[in-house]
1. Compute the normalised compactness of segment 1-50: alpha-carbon radius of gyration over 2.2 N^0.38 Å, N being the residue count.
2. So how much accessible area does Thr253 have, in Å² to the nearest 10, using a 1.4 Å probe?
3. Quote the accessible area belonging to Lys63 in square angstrom, nearest 10, computed with a 1.4 Å probe and with ligands, DNA and RNA left uncounted.
4. Name the shape class, rounded, prolate or oblate, that the alpha-carbon gyration tensor gives for the chain, where a ≥ b ≥ c are the square roots of its eigenvalues, rounded holds for a/c under 1.5, and otherwise prolate holds if a/b is larger than b/c and oblate otherwise.
5. Along the charge dipole of the chain, which of Gly250, Ala54, Pro308 sits closest to the positive end, that is, farthest toward it, with unit charges on the beta carbon of Lys, Arg, Asp and Glu (+1, +1, -1, -1)?
6. At Arg10 and Arg361, where each label point lies 7 Å from the Cα along Cα→Cβ, what is the point-to-point distance in nanometres?
7. With all protein chains present, calculate the accessible area of Arg329 using a 1.4 Å probe and round the result to the nearest 10 Å².
8. Could you work out what % of the accessible surface of the chain is carbon and sulfur, using a 1.4 angstrom probe and leaving DNA, RNA and ligands out of the count?
Amino acid sequence: MDLTTFRRLRSPEGAALLTEACALAPTEATFLSHLTALRRRHPPELAAAALELALLRRRAAAKFSRAAAMYVTAEALEQASSEVVAQHRARRYGGFGRVADLGCGIGGDTVALAAAARVLAVDADPLRLAMAEANAEAYGVRDRVEFALADLRAWSPPGGLDALFFDPARRRQGRRVFRAAAYEPPLETVLGWLPAVPAAGVKAAPGIDPAEVPPGCEVEFIAVGWELREAALWFGPLRTAGRRATLLPGGHTMTDRPAGPVPVAEPQAYLFEPNPAVIRAGLVEALAEELGAAKLDPQIAYLTGGRPVASPFVRAYAVEEWLPFGLKRLNARLRALGVGQVVVKKRGSPLDPEDLRRRLRLDGPERRTLVLTHVRGRHAVLICRDLTPDPAGASAGPAP
C-alpha cells in the first residue's frame, strides 16, 4: 500500500470497500478467491489494499484491542510492540507533560503514551505517520498527539519536550539486525539527545549484547507470559535500577540487588525453570536466593529445591528421578513408568529434542517432561511432572 491508496481507503468509497473486505474474514487460503471477486466490482489496486488490510487486521487482534479499526502494513505490524507492552512502558512517563515518540511507526506506542502525556509523534515514513494518525483516532487520543515527518538522523529535540521514547528500526532490507550499532538510526543517536532531554527510553531487541548497552542506563527485559518480547533501555529520571526483569500481563518485576553465592546441588524434589526475562537480565542468582534454591550446575540456569515455591518467575516441576544420560537406560525407565508422551526441554545439552523423541520407544498412558541438562558438569536427564499450567506461547521444544 502507498500513501495515495491509503488516502483512498479513508474516503467514503474506500471505507465501504474496506467494510466489505473485512466482512469476508479473509485468510491466506481464501485471499486470492476473494480478491478476484472484489476486483470485478472495484478498482484492482484499491481492492487488493482493502483485502490485505482486512487480513492484517485479523492478525493485529493478537496485539491490539482495537485492531478492527486500525491501519497497518505487514512489516509495520510485525515490528510494532503489543498493546500490553506499550502500555507497560508508557506508565513510566506519568508526570511528564510532553513526550516525543521517535520512530513512531503505526502509532502503537504513540497511543499508549498519549494516556500519560501529550505526544509529539515523529517518523520518516509518510505512510506510517498517516497510519499512526488514523490509529490515534481509532483509540480516541488524536487530540493529544502532534505528528511530524522528519529524518531522525538529522533531528534534534525542540524546546518544550520533557521526555523521549526512541524506537529505532531493527531491520535492514527485510532482515533483522542484531547489533545496536546497526539500528537505524543507531543506538548512539539517543546519546546525542540526552543533554537536552535527559529522560529517555529506548526500545531494543531482547538479544541486545550487554557490551552495547550504554553505561549509566537501566536495561529492562520484558516477557509476555513465557515469551521474551523485547528490552527497554531507560536513561536519566526514567532509570529506576541497573537491570530489571518484567513479566506481563501481571506486571511482576524484579531488579538487580546484591546476592550471595548460590550453592550447587544435585536435583532435589523440585526443579525450577526461570522465566527467560530473568535469565537475560542476569538475575538467576538473585532469584535463587529469594527462593532458597540451589543451581544444578554453576553455568546452567536451572534451580532446584526441596520444597515447592509460588513464584511468577519460574515454572515448577516435580522431579521423579534423574540419571546420567544414556538412551538405553532412559528408554527402560520410561517404559517402566508407562510413559507414552514426553515434552523435552534442554539447557546446556548438545542433544536435539526432536531427534531424542524419535529415538524413544514410548508406550503407555503417562506424560512426563524430560529435562536435558548438566548436573555438576555431568550430562544428565531429569524425569519430571510439570506443575505449572502451560502459559500462552509455551512449546514442547527446547527451553529458551
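The values are calculated or read from the model by the stated rules, or taken from the named source; none is laboratory data. Because the structure is a prediction, the values reported are computed rather than measured. Positions of Cβ are backbone-derived with ideal geometry, glycine not excepted, and every protein chain shown enters the neighbour counts. In case anyone asks, the SASA skips ligands and DNA or RNA and just uses the protein heavy atoms, side chains included. Shrake-Rupley method; radii C 1.70, N 1.55, O 1.52, S 1.80 Å.
1. Normalised Rg, Cα atoms only: 1.05.
2. 60
3. Answer for Lys63: close to 50 Å² accessible.
4. It is oblate, given that a/c is not under 1.5 and a/b is not larger than b/c.
5. The listed residue farthest towards the positive side: Pro308.
6. 6.8
7. So the heavy atoms of Arg329 present about 130 Å² to solvent.
8. Working: 9340 of 17860 Å².
For the chain, the apolar C and S fraction of the accessible surface comes to 52 percent.
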